[in-house]
Number of protein chains: 2
Amino acid sequence: MAEQQRPGRRPTMSDVAKQAGVSRALVSLIFRNAPGASEQTRERVFEVAREIGYRPDTAARTLASSRTKTLGVLLTIRNPFHADLVEACYAEADRLGFDIVLSTTVPTRDEERAIDALLGHRCEALILFGPKASAAYLTQLGREYPVVSISRRVPDAPLDVVHTAEAKGVRQAVDYLVGEGHRDIIHIDGGTGPGSAERKRAYRAAMRKHGLADHGRVIPGNHTEDSGVHAAEVLLAEDALPTAVLAANDRCALGLLGALHKAGVKVPQEVSVVGYDDSRVAMLSHIGLTTVHQNADELGRLAVRAAVERTETPAMPGRELVLDPELRVRGTSGPPR
Amino acid sequence: MAEQQRPGRRPTMSDVAKQAGVSRALVSLIFRNAPGASEQTRERVFEVAREIGYRPDTAARTLASSRTKTLGVLLTIRNPFHADLVEACYAEADRLGFDIVLSTTVPTRDEERAIDALLGHRCEALILFGPKASAAYLTQLGREYPVVSISRRVPDAPLDVVHTAEAKGVRQAVDYLVGEGHRDIIHIDGGTGPGSAERKRAYRAAMRKHGLADHGRVIPGNHTEDSGVHAAEVLLAEDALPTAVLAANDRCALGLLGALHKAGVKVPQEVSVVGYDDSRVAMLSHIGLTTVHQNADELGRLAVRAAVERTETPAMPGRELVLDPELRVRGTSGPPR
DNA sequence: GCGCTCTACTAGCGCGCTCTAGCACCGACG
DNA sequence: CGTCGGTGCTAGAGCGCGCTAGTAGAGCGC
């Protein structure tokens, strides 16, 4: 980075070539780390490039090359678990020589728009973190591009899904709570969130198994803090609280905890709260959240590998990679009063 | 989105043009929303595009046009406050007709690399969330591109800075704690984190103002949860705890809270904890964190506006936009024992 | 008939790069 | 001596689009 104050224009490969006294093609070759240039020339070219402040233009690169070596990642920036996943994806993509482009949903920007942005960047494959789009849309997307979904299952679609065995995690949580002596265990549903349907089903099954079908109850919700707050309001408006709540995910659990605390309800003395995800925040929060651990590092790693494999064998039928979850008991749960 | 199963190739503008029986130029014009096409043709072109699954290629667009209408945002995906800022930036960028490209630092990817990625995408301006790079680097960057920094001040550099009045926020926090009766108030420093130097200075000044210079103490740290955990270890190894801790930011405060809790220290009874940022999580966490509120919506909005203005008037000298912070007293603070 | 304007459209260059084909030169080998 | 393979380099087409300069045709006034 230095003088280089050409009026407006940013330096291009030709500038570097001219300055270094070689052809543009050779500079290209050197910047691509391709063999065929002497060590001496290589160094000189890099030196000149640094001097005039040359930076390769991704757009031009993308346009000219068939492979962009880029993966598109769709996430929800608010979701702390997604942050864990992103870190894992970067690490693995680096290893495989792939770049990553991020696109997030925010309240003013829906999934389709965020995905369009990724495709506009010519990503070779898409990795979607818990997508909420319709199955039809995702199926069609999978037909046109290599797609990997984390957590969200899309039956019979031509895309790979990486997720944890939801049912197993829920069963562990319910078994644990029942073991502690709980009977009134309610579940806050994740709505259309990824894995929610499976979790709800597993919750019902587990309650039935323990002969607690009558005590089971599902409050509708979603995967945000708000739904936890809302569930708390619903519960507080009633005569008696349940002794334990299995939240849709960690964010929902945090919202619930906050609202319960505000209302003076003691956790875990009066109510036990269990989350789902084990995002790193859960571990760190003031009173560590009891939650079902999903291995983000492994999920991200597998997703990237699957995505890259799909770029090489596009027509592969959909695969499902399932990891085992694991209950992490911390401070927000215990025996009922 | 439909059949369109051309072998490998994705449809281009020419495909749309051919199919619709018009020239490529007209299709281009229509997709750019430029005037000069009849309503009838416009609709037919869109119809055909949808049918064959055409998506404009961002790379080609970028390459061909002088303006990319894109802003690059550098963030740390782990930082919940950054999530708040991202949402605000998207909203404002949308309003001004700009796109946003995100690039995050992760443990395996440093700031310079993340910034290079943004510049490779030909962003017209960069918005850096609390950059930690050297002043020299940022100054040079500001000379070459329109740059806006949030929170991190870079004296005399040709870039805009949007931040809150750090000193004022810290003063409010210290005044409040002293008012509650605290005397042993320590500060966990944010190290090279944005605003840290100012906060430390303001902390010292405020303590002096209250005649508590002797009670002041700064523990080195940074802007992650780890530094809070570490500070807790340092404090717990000593004879007596302070009665209040002013953390570097919310993440640091959360780490501290977690570690104190693990050690059986009661908050706020034994120790009061105050954060900084007021990221939405702070509000939601189990016991709401007392913290210094920064208006993320406004910070993001101003940053985007400044960035766009800079793309239009590149040579502007550096400006500083300062917002007022505001102490939010919640559950982690109170009078000392 | 003429020239004029306005609308609706088209031709074709060039953005900065990748990549295939090919060229000049070298030493080695038969 | 001619040929071969390897090394280090270059020429030039073309990726998908934006955009400038243009054209064809309709409508209109004189």
* Does A:Ala303 satisfy the condition of being under 23 Å from the mean Cα position of the chain (by Cα) and buried (at least 24 other Cβ atoms within 10 Å of the Cβ)? -> yes
* Quick one: is A:Arg95 on the phi < 0 side of the Ramachandran plot and either touching a Cys at 6+ places or on another chain (Cβ under 6 Å) or not assigned by TED's automatic domain parsing to the domain that holds A:Ile150 (or both)? -> no
* To do: Scan segment B:51-63 for residues that are in a helix (DSSP H, G or I), of a type outside the set (Val, Ile, Thr) and more than 9 Å from chain A (Cβ to nearest Cβ) and jot them down.
  => B:Glu51
* If you check A:Arg171 against the conditions, is it more than 18 Å from the chain's Cα centre (by Cα), in the same structural domain as A:Pro317 (by TED's automatic domain parsing) and surrounded by fewer than 24 Cβ atoms within 10 Å (Cβ to Cβ)? -> no
* Structure fact -> Those residues of segment A:40-93 that are touching a Gly at 6+ places or on another chain (Cβ under 7 Å) and either without any contact (Cβ under 8 Å) to a residue 60 or more places away in the chain or among the hydroxyl-bearing types (Ser, Thr, Tyr) (or both) come to a total of 5
* Selected residue (only one of A:Leu85, A:Leu126 is at pLDDT 95 or above and under 17 Å from A:Glu309 (Cα atoms)) -> A:Leu126
* Can you tell me which residue in segment A:19-40 is nearest to DNA strand C (Cβ to nearest atom), limited to those that are assigned to a helix (DSSP H, G or I) and surrounded by fewer than 16 Cβ atoms within 10 Å (Cβ to Cβ)? -> A:Ala25
* To do: Could you check, for segment B:44-55, whether at least one of its residues is more than 26 Å from A:Pro146 (Cα to Cα), outside the structural domain of B:Asn222 (by TED's automatic domain parsing) and surrounded by fewer than 21 Cβ atoms within 10 Å (Cβ to Cβ)?
  => yes
* Structure fact -> Residues of segment B:118-129 being more than 7 Å from chain A (Cβ to nearest Cβ) and either aliphatic (A, V, I, L, M) or not in a loop (DSSP other than H, G, I, E, B) (or both), in sequence order, are B:Leu118, B:Ala125, B:Leu126, B:Ile127, B:Leu128, B:Phe129
* Hey, among the residues in segment B:34-87 that are among the basic types (Lys, Arg) and within 24 Å of B:Pro314 (Cα to Cα), which one's farthest from DNA strand D (Cβ to nearest atom)? -> B:Lys69
* Structure fact -> Picking from A:Val73, A:Val48, the residue that is aliphatic (A, V, I, L, M) and part of a helix (DSSP H, G or I) would be A:Val48
* **Yes/no for B:Arg67 being under 30 Å from B:Phe129 (Cβ atoms), among the basic types (Lys, Arg) and exposed (fewer than 12 other Cβ atoms within 10 Å of the Cβ)** => yes
* Asked: Among (1) more than 9 Å from chain B (Cβ to nearest Cβ); (2) part of a loop (DSSP other than H, G, I, E, B); (3) more than 19 Å from A:His163 (Cβ to Cβ), which single condition is A:Ala231 missing?
  -> (2)
* Residues within segment A:251-266 that are within 20 Å of A:Ile77 (Cα to Cα) and within 9 Å of another protein chain (Cβ to nearest Cβ), tallied -> 3
* **Some residue of segment B:96-112 being among the aliphatic types (A, V, I, L, M), away from DNA strand D (no atom under 16 Å from the Cβ), more than 7 Å from every other protein chain (Cβ to nearest Cβ) and touching a residue at least 40 places away in the same chain (Cβ under 8 Å)** => yes
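The values are calculated or read from the model by the stated rules, or taken from the named source; none is laboratory data. Bear in mind the structure is a predicted one, so any value in this text is a computation, not a measurement. When we count neighbours, we look across all protein chains shown, and the Cβ atoms used for this are built from the backbone with ideal geometry, even at glycine.
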